[in-house]
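Notes follow once the structure below has been shown.
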Amino acid sequence: MPTYRDEVVVLRTHKLGEADRIVTLLSRRHGKLRAVAKGVRRTSSRFGSRLEPFMVADVQLYQGRSLDIVQQAESIGSYGAEIAVHYDRYTSASAMVEAADRLNEAEATPQQYLLLVGGLRALARGDHAARSILDSYLLRAMALSGWAPSLDECARCSRPGPHDTFVAQLGGIVCSACAPTGAARVPGQTVALLQSLMAGEWDAVDAASPAATAAASGLIAAYAQWHLERGIRSLSHVESAPREAAR
């Protein structure tokens, strides 16, 4: 059908001409989409504010030859305003949508859409520390794409753990026999935190020490950027963001 509806998260936007905008969307049923939103940069636009990054909307689109055209947009989740006023939430959300934008079409599944919506909602509400929400999102998004890090048995030889070395290039935790010379060891509490972030065990995540949280964040960033085709540029801003306690 030339016209269709779907639920979408706005990943990024680009100006087009004097009044239009190209929007990149992660949809629930149609994967990643690029569409033209005509006239949304005019103050009289009926739905321009609903097509900003981090917003979740129900949209009607018309299938075009190269780019689809947004005909209608109704807000489902207005997360952008609450995210934008907190620097740590904003930088974490930016890294999340950038990671989602790195997904290829085969990986842009309904599960990826729901995971991103849940992450943005948690950020907007301030449910947990922003960086922890980002870290959990990255681990789970990578797992949904088939790149789940090994966090128990050795990623290389499958020897049962626990092990204390994490090597992104080898797929996660590795045993002492498989660890490259000079590979840094990871404390047990950091490994346990990685497992909690993957499983969404938020009581354990929120109770983790600052040292374990910082170490886990560094490992997750290295792992995600190794497996994605290009690095996540927004992560450099996340690293400089002050940590805000969940309220």
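What the table below lists for this structure:
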| item | result |
| --- | --- |
| 0 to 90° range, to nearest 10: angle between helix 188-199 axis and the chain longest Cα axis | 30 degrees |
| Length gained when the stretch SER75-ALA211 is fully extended (0.36 nm per residue, less Cα-Cα span) | 45.0 nm |
| FRET efficiency, GLN189 to ALA84 (Cβ-Cβ, R0 41 Å, nearest 0.05) | 0.75 |
| Between helix 110-125 and the chain: long-axis angle, C-alpha atoms, 0 to 90°, nearest 10 | 90 degrees |
| Expected 222 nm ellipticity per residue - DSSP helices of 4 or more, -39500 (n - 2.57), all of the chain, to 500 | -11500 deg cm²/dmol |
| Mean accessible surface per residue for the chain, computed with a 1.4 Å probe while every protein chain stays in place, in Å² | 49 Å² |
| Positive minus negative residues near LEU193 (Lys, Arg vs Asp, Glu; Cβ under 10 Å) | -2 |
| Stokes-Einstein translational diffusion, the chain - Kirkwood Rh over all Cα pairs, 0.692 mPa s, 37 °C, in µm²/s | 173 µm²/s |
| Under 15 Å from the TYR4 label point (7 Å along Cα→beta-carbon), backbone N, the range 67-105 | 67-71, 105 |
| Chain lengthening between ALA222 and GLU105 when straightened (0.36 nm per residue, less Cα-Cα) | 39.8 nm |
| Per-peptide average of other Cβ atoms within 10 Å, ordering 136-142, 171-177 highest first | 136-142, 171-177 |
| Backbone N within the range 15-33 under 15 Å of label point (7 Å from ARG233 Cα along the Cβ vector) | 15 |
| Carbon plus sulfur fraction of accessible area for the range 70-156, probe 1.4 Å, in percent | 48 percent |
| Solution diffusion estimate, µm²/s, Stokes-Einstein, the range 1-40, Kirkwood Rh from C-alpha pairs, 25 °C, viscosity 0.890 mPa s | 229 µm²/s |
| Long-range tail of P(r) for the range 1-126 (Cα pairs > 16 Å, %) | 59 percent |
| Electrostatic dipole magnitude of the chain [Cβ: Lys, Arg +1; Asp, Glu -1; Cα centre; debye, to 20] | 740 debye |
| Cα→Cβ-extended label distance, 7 Å offset, between ARG12 and ARG29, nm | 2.8 nm |
| Pairs of alpha carbons in the range 74-205 whose separation is greater than 22 Å (percent) | 44 percent |
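The values are calculated or read from the model by the stated rules, or taken from the named source; none is laboratory data. Since this is a predicted model, take the numbers as computed values, not measurements. Note: ideal-geometry Cβ built from the backbone for every residue, glycine included; neighbour counts use all protein chains shown. The area values use the complete protein model at the heavy-atom level, side chains included, leaving out ligands, DNA and RNA. Shrake-Rupley method; radii C 1.70, N 1.55, O 1.52, S 1.80 Å.
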